[in-house]
Amino acid sequence: MNHRNTRPRYAENQLLTLPVTPEEKTRLREKAEVIGVSLSEYARSKIFGGRPIIPRTDEWTIRELRRMGGLLKHHFLTLREAKVSEEFLLLHEKLLHTITKKIDAIGAANHDREEDQI
C-alpha cells in the first residue's frame with residue numbers, strides 16, 4: 001500500500017528544544033514567512049540540508065516561464081513547418097534562450113540566498 005506522506009506521524013516525532021534569543025527567533029520566523037514554510041520546516045532544512053527552499057513567488061515565476069517556454073517551443077515548431085523567414089525563427093530562438101537564462105538566474109539566486117543563510 002502506498003502512503004502519500006512518508007514523514008512519521010506527529011506522535012512519533014521527537015521534540016528538539018533549542019535556546020535562541022528573541023531576535024534570533026524573530027529572524028527565523030521572518031525568513032520562514034518570506035519563503036512560505038513553517039518555522040519547523042525551515043529549521044529542519046537548515047539543520048539537515050537537502051534541496052534549497054525556493055520562495056513561493058519564485059516557484060510561481062519559474063513555473064510560468066516554463067509554461068511560456070513550452071508554448072513558444074510549440075509555436076516555434078509550427079512556424080518552422082509554415083516555412084517563415086529565418087530572421088523570424090532566430091528571433092523566437094533568442095526569446096527561448098532568454099527565458100531559459102531567466103529560469104537559471106532565478107534558480108541561481110535562490111541557491112546563493114540559501115548558501116548565504118548557512
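A few comments on the model shown:
- Neighbourhood net charge (13 Å Cβ-Cβ; Lys/Arg +1, Asp/Glu -1) for Leu16: +2
- Of the residues His97, His92, His75, the one with the largest accessible area comes first in the ranking His97, His75, His92, computed with a 1.4 Å probe on protein heavy atoms.
- For Leu71, the solvent-accessible surface with a 1.4 Å probe is about 100 Å², rounded to the nearest 10.
- Charge tally around Gly69: other residues with Cβ under 13 Å, Lys/Arg +1 each, Asp/Glu -1 each, net +4.
The values are calculated or read from the model by the stated rules, or taken from the named source; none is laboratory data. Please read all numbers here as calculations on a predicted model, not as lab measurements. All Cβ positions, glycine included, derive from the backbone under ideal geometry; neighbour counts span all protein chains shown. Side chains are part of the model used for accessible areas, which takes the heavy atoms of the whole protein and leaves out ligands, DNA and RNA. Shrake-Rupley method; radii C 1.70, N 1.55, O 1.52, S 1.80 Å.
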